[in-house]
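Student: One structure follows; several queries about it will come next.
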Amino acid sequence: MRASLTDAEGEANDESYDIAINGTGQTIAFTSDANNLVSGDTNGFADVFVRLQDSGATLRVSVATGGAQANSSSQTPDLSADGRFVVFESGATNFSASDNDAFWDIYWHDRQTGATELISVSTAGVKGNADSRRASVSDDGEVVVFWSNANNLVANDTNNAPDIFVHFLSSGETRRVSVATGGAQANAFSQNPEVSANGSFVVFESDASNLVAADDNLRKDVFRHNLLTGETVLVSRASDGTIGNGNSALPAVSAEGRYIAFESLATNLVAPDQNGTTRDIFRRDMLLDVTILVSIASDGSAGNENSEYAAISADGRLVAFHSDSTTFIVGHTNLCEEIYLRDLQANTLSLISHGTGGTVANGCSYLPEISDDGHFLTFESDASNLVANDNNGLNDVFRHENALLELARAVYLPLVTRP
């Protein structure tokens, strides 16, 4: 079904993208350039919206505490498990009294109280002095991670590179997490973090070579930082411990931090890597130290084009991604990106971005997200034949129900002792 709609099921009059889905799959957040999704949208900027699938209501959440609309663009949301809390980035200056510059900042919005809070601040409450981007929030809404170019969020930030930070809502503490186990700051860029649902682990990508010992591959790697112990470990390595020989990026983490999915150009993470230099999706089991290739057909054959942007279910069993490979589904004729779902327990690969009855999409589909139990997936697509009456000719947000998976919900409790 399509999610980027008005309360009256009307179509958006501009592009919708940047999706997040809550734990149950009933709340979907997204960015849209449309000005007709809610009444009174007159700011002329991209906004963040929430679609409540149960009621069909669409709400704008990139607003100030009193409800005033943003005076600049807002985008890239994430949701708590129950959908109550929304984090996003914004260039607006009217959400916080301390925001008097043009930098992108991270905000946290409580849909129950209507409060909007500035998150990209130091423990003392000082606003970041540069852009902060790509927020991710724990299931309980208490732990928010993001990357930032600011050098005033923590003391002794002198590396002149983007870092990963975590902000704890209850205490107001902000820490830098793109550090080595001993606390040494990274010697290069770190970006694109995601926090585990239980708030214990942060995964991210980094060009730094000093976060772990013997990181000598001169490539971007994926790391996991333990918020409880301070340990940082390298994720993008083969089962025998060999570090990937190509760039690895955009990690996604399971609820308790055990499984991490990521994309990589490395050819030595599994043997044999059948498709050479094509970007693939991998999953690392941090408990067993096992890395497997995810982006393969049900019969085990490799893709012939890039597979990117992994999303993972809470238990790590399901991994979604987009790919323009033509070898995953026999007879598949769409030469554009599609959404695929790999079930690592059943060892199957399913095409998700299709219309009712299996109709092949007539456009491209990107950037999947998956609910905690894997029962629902969301993605964006410019295809016009995935649902009936799609006549706007624009990129829309869709939700797909994974009917092959038995519905089984889980609750994950935070393991981090809140400071």
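The values are calculated or read from the model by the stated rules, or taken from the named source; none is laboratory data. Keep in mind it's a predicted model, so treat the numbers as computed, not measured. We place every Cβ from the backbone using ideal geometry, glycine too, and count neighbours over all the protein chains shown.
Student: Given the options 348, 378, 291, name the one that is assigned by TED's automatic domain parsing to the domain that holds residue 136, among the hydroxyl-bearing types (Ser, Thr, Tyr) and under 23 Å from residue 255 (Cα atoms).
Tutor: Numbers: 348 fails: assigned by TED's automatic domain parsing to the domain that holds residue 136; 378 fails: assigned by TED's automatic domain parsing to the domain that holds residue 136.
So the residue among 348, 378, 291 that is assigned by TED's automatic domain parsing to the domain that holds residue 136, among the hydroxyl-bearing types (Ser, Thr, Tyr) and under 23 Å from residue 255 (Cα atoms) is 291.
Student: Out of the residues in the range 1-21 meeting the condition of being β-branched (Val, Ile, Thr) and under 20 Å from the mean Cα position of the chain (by Cα), tell me which one is nearest to residue 37 (Cα to Cα). Break it down stepwise before answering.
Tutor: So in the range 1-21, the residues β-branched (Val, Ile, Thr) come out as 6, 19, 21.
Within this subset, residues satisfying the condition of being under 20 Å from the mean Cα position of the chain (by Cα) are 19, 21.
Values: 19: 16, 21: 18 Å.
Across the range 1-21, the extreme among qualifying residues is 19.
Student: Can you name every residue in the range 353-366 that is under 17 Å from residue 17 (Cβ atoms) and either in contact with a His (Cβ under 7 Å, 6 or more places away or on another chain) or surrounded by fewer than 18 Cβ atoms within 10 Å (Cβ to Cβ) (or both)? Full working, then the answer.
Tutor: Step one: of the range 353-366, the residues under 17 Å from residue 17 (Cβ atoms) are 353, 361, 363-366.
Correct list: 361, 365, 366.
Student: Could you check the range 189-205 and list, in sequence order, the residues that are small (Gly, Ala, Ser) and under 14 Å from residue 260 (Cβ atoms)?
Tutor: Looking only at the range 189-205, we keep the residues that are small (Gly, Ala, Ser), and these are 190, 196-197, 199-200.
196, 197, 200 - these are the residues of the range 189-205 that are small (Gly, Ala, Ser) and under 14 Å from residue 260 (Cβ atoms).
Student: Right, here's the next one. Within the set of pairs 6 or more residues apart or between chains, which connect a residue that is assigned by TED's automatic domain parsing to the domain that holds residue 273 inside the range 230-254 to a residue that is at pLDDT below 95 and not small (Gly, Ala, Ser) with Cβ atoms less than 8 Å apart?
Tutor: Going by the 8 Å Cβ cut-off, the qualifying pairs are 246/277.
Student: Another question, if that's okay. Give the residue that is surrounded by the most Cβ atoms within 10 Å (Cβ to Cβ), with candidates limited to residues of the range 272-290 that are farther than 15 Å from residue 242 by Cα and modelled with pLDDT under 95.
Tutor: Here the residue is 275.
Student: Right, next: I need the full set of residues from the range 69-102 which are assigned to a loop (DSSP other than H, G, I, E, B) and either touching a Leu at 6+ places or on another chain (Cβ under 7 Å) or of a type in the set (A, V, I, L, M) (or both), in order please.
Tutor: Kept after step one, since they are assigned to a loop (DSSP other than H, G, I, E, B), are these residues of the range 69-102: 70-73, 80-84, 91-102.
If the condition is that a residue be assigned to a loop (DSSP other than H, G, I, E, B) and either touching a Leu at 6+ places or on another chain (Cβ under 7 Å) or of a type in the set (A, V, I, L, M) (or both), then 70, 81, 92, 95, 96, 97, 98, 99, 102 are the ones that fit.
Student: Among 157, 163, 140, which is the only one that is in the same structural domain as residue 212 (by TED's automatic domain parsing) and surrounded by fewer than 19 Cβ atoms within 10 Å (Cβ to Cβ)? Quick ask: steps written out before the conclusion?
Tutor: On the way: 163 fails: surrounded by fewer than 19 Cβ atoms within 10 Å (Cβ to Cβ); 140 fails: surrounded by fewer than 19 Cβ atoms within 10 Å (Cβ to Cβ).
From the options 157, 163, 140, the qualifying one is 157.
Student: Same structure, new question: Quick one: residue 394 ticks every box in (1) more than 13 Å from residue 16 (Cβ to Cβ); (2) modelled with pLDDT of 95 or more; (3) aliphatic (A, V, I, L, M) except a single one, so which number is it?
Tutor: Only one criterion is unmet by residue 394, namely (1).
Student: Of all strands (runs of 3 or more DSSP E) completely enclosed by the range 107-204, which ones contain at least 1 residues that are without any contact (Cβ under 8 Å) to a residue 24 or more places away in the chain and in contact with a strand residue (DSSP E or B) (Cβ under 9 Å, 6 or more places away or on another chain)? Give the derivation first.
Tutor: Numbers: elements: 116-118, 132-137, 143-148, 163-168, 174-176, 190-195.
Passing ranges, in order: 116-118, 174-176.
Student: For the range 82-103, how many residues meet the condition of being crowded, with 24+ Cβ neighbours inside 10 Å and not acidic (Asp, Glu)?
Tutor: So the first thing to find is which residues in the range 82-103 are crowded, with 24+ Cβ neighbours inside 10 Å, and the list is 85-90, 92.
Subsequent filtering for residues that are not acidic (Asp, Glu) retains 85-88, 90, 92.
Qualifying residue count, the range 82-103: 6.
Student: Sticking with this structure for a sec: Using beta carbons and a limit of 8 Å, which pairs, at least six apart or on different chains, have the first residue in the range 57-83 and closer than 26 Å to residue 9 by Cβ and free of Cβ contacts under 8 Å to residues at least 24 places away in the same chain and the second one surrounded by fewer than 18 Cβ atoms within 10 Å (Cβ to Cβ) and not hydrophobic (A, V, I, L, M, F, W, C)?
Tutor: Filtered contacts from the range 57-83: 60/41.
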